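Just so you know, all these numbers are worked out from the coordinates, no wet-lab data involved. Since we're looking at a predicted model, the values are computed, not measured. No Cβ is skipped: glycine too gets one built from the backbone with ideal geometry, and neighbour counts run over all protein chains shown.
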Amino acid sequence: MPTIGTDDGVDLYYEDTGSGTPIVFVHEFAGDCRSWEPQVRHFSRRYRCITYNARGYPPSDVPEDVERYSQARARDDVLAVLDGLGLERAHIVGLSMGAFATLHFGMVHSHRALSLVVAGCGYGAQPEQYAEFQAQARALAQTMVEEGMEKVAATYGHGPARLQLRDKDPRGFADFIRHFAEHSPAGSANTMLGYQGRRPSLYTLTEEMKRITAPLLVVAGDEDDPTLEPSVLMKRTIPTAALVVLPRSGHVLNIEEPMLFNLVVEDFFHQVENGRWSAREA
């Protein structure tokens with residue numbers, strides 16, 4: 001089983017498909033490396049596609065100490081994947097929790113990114129929602145430990161911005177729920193407590209976002225309300241950013257609308273690779 005070690009001794013499971021310019025895909029909280037299958041099948045025809053399971057998601061290690069889970073750890077685990085595979089630079093594509101990691105990677109390691117795709121990013125970011133989101137994260141972690149992942153998949157997994165996937169692709173939604181229910185309760189709870197429930201609000205990071213130099217594409221679903229205003233914030237703040245909003249779409253964009261998602265991301269890659277993506281003038 002292929003793994004990459006992090007600087008704090010956590011082994012991350014990864015899959016490596018195709019050849020060419022590398023893309024690293026960073027999954028959401030309710031997903032894992034399997035969530036990127038529609039992208040791997042498409043992009044591996046021309047790119048080298050790397051997916052990995054975050055810490056806390058078997059077969060990656062599941063550290064018992066909640067202090068080993070954080071926004072900074074998630075950011076640096078992306079770097080560990082690049083370093084572990086000897087990649088100087090790569091396109092980094094993240095969804096939701098993985099989009100936060102991708103964005104933070106850009107704040108600190110822009111020089112290692114060919115580009116950044118930040119999709120479905122912003123839950124709990126708005127100042128008026130921040131405290132409530134933290135409280136919900138703590139409550140959800142408790143449910144995971146006490147009632148198990150099947151209970152969480154049947155509730156959190158059926159949230160209002162995920163039902164679009166159910167309605168468009170029932171079989172894809174069933175796969176999503178089944179995979180979510182297979183996750184580690186301890187790893188998921190620690191991720192929720194140490195990472196999701198403690199990450200800083202994007203609205204406190206505008207100066208850091210302004211320093212991102214890598215080309216960046218923000219992708220949002222127009223029915224994913226918690227991400228819409230944060231997506232506009234990122235577009236307005238980051239000089240290299242553009243925003244695309246997918247119509248009648250919820251949170252799990254890459255699975256819900258795989259053809260459209262792949263199309264806009266691939267066009268973005270082509271513009272970047274041909275030197276056609278520049279920062280906005282101040």
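Out of all Cα-Cα pairs in the stretch 70-155, roughly what percent, to the nearest whole number, are more than 16 Å apart?
Cα-Cα pairs in the stretch 70-155 separated by more than 16 Å: 62 percent.
Contour minus end-to-end for ASP16 and VAL232, with contour as 0.36 nm per residue of separation and end-to-end as the Cα-Cα distance?
74.4 nm
Let a ≥ b ≥ c be the square roots of the eigenvalues of the Cα gyration tensor of the stretch 183-282; is it rounded (a/c under 1.5), or, if not, prolate (a/b larger than b/c) or oblate?
Because a/c hits 1.5 or more and a/b fails to exceed b/c, the stretch 183-282 counts as oblate.
Please arrange ASP175, ASP61 by how many other C-beta atoms lie within 10 Å of their C-beta, fewest to most.
ASP175, ASP61
Would you order CYS121, CYS33 from fewest to most other beta-carbon atoms within 10 Å of each residue's own beta-carbon?
Going from sparsest to densest Cβ surroundings: CYS33, CYS121.
Through the Karplus equation 6.51 cos²θ - 1.76 cosθ + 1.60, θ set to phi - 60°, convert the phi angles of the stretch 94-103 into ³J(HN,Hα) values in whole Hz; use x for Gly and Pro.
x, 10, 6, 3, x, 6, 4, 4, 5, 4
If the reach is capped at under 25 angstrom between alpha carbons, list the lysines near LYS210, excluding any in the same chain fewer than eight residues apart.
LYS235
Would you work out if the stretch 96-223 is rounded, prolate or oblate? Take a ≥ b ≥ c from the square roots of the eigenvalues of the alpha-carbon gyration tensor; rounded if a/c is under 1.5, else prolate when a/b is larger than b/c, oblate otherwise.
In terms of gyration-tensor shape, prolate.
Within 10 Å of each residue's Cβ, count the other Cβ atoms and sort ASP16, ASP267 from fewest upward.
Going from sparsest to densest Cβ surroundings: ASP267, ASP16.
Please turn the phi angles of the stretch 136-142 into ³J(HN,Hα) values with the Karplus equation 6.51 cos²θ - 1.76 cosθ + 1.60 (θ = phi - 60°), one per residue in order, whole Hz, x for glycine and proline.
Calculated HN-Hα couplings, in order: 5, 4, 5, 5, 5, 4, 5 Hz.
Need one number: nm distance between label points at ARG248 and ASP83, each 7 Å from Cα along Cα→Cβ, rounded to one decimal.
4.7 nm
Tell me the net charge near ALA241. Cut-off is 9 Å between Cβ atoms, ALA241 excluded, with +1 for each Lys or Arg and -1 for each Asp or Glu.
+3
Only sites in a loop by DSSP and with at most 11 other Cβ atoms within 10 Å count here; which GluC sites (Glu not before Pro) in the stretch 189-282 make the cut?
Here the GluC sites (Glu not before Pro) that fit, given the DSSP loop and packing criteria, are GLU281.
Which value in deg cm²/dmol, rounded to the nearest 500, describes the helix-derived mean residue ellipticity at 222 nm for the chain, given -39,500 (n - 2.57) per DSSP H run of n ≥ 4 and division by the residue count?
-13000 deg cm²/dmol, from helical runs alone.
Under 13 Å from the Cβ of TYR156, count the other residues' Cβ atoms, weight Lys and Arg +1, Asp and Glu -1, and hand me the total.
After counting each charged neighbour, the total is -1.
If you take the beta carbon distance between GLU266 and ARG138 as r and set R0 to 41 Å, what does 1/(1 + (r/R0)^6) give as a FRET efficiency, to the nearest 0.05?
0.55
Between the alpha-carbon centers of the stretch 5-23 and the stretch 260-282, tell me the distance in whole angstrom.
Centre-to-centre (Cα) distance: 24 Å.
What is the Rg over Rh value, at two decimals, for the stretch 3-273, using alpha-carbon atoms and the Kirkwood definition of Rh?
0.92
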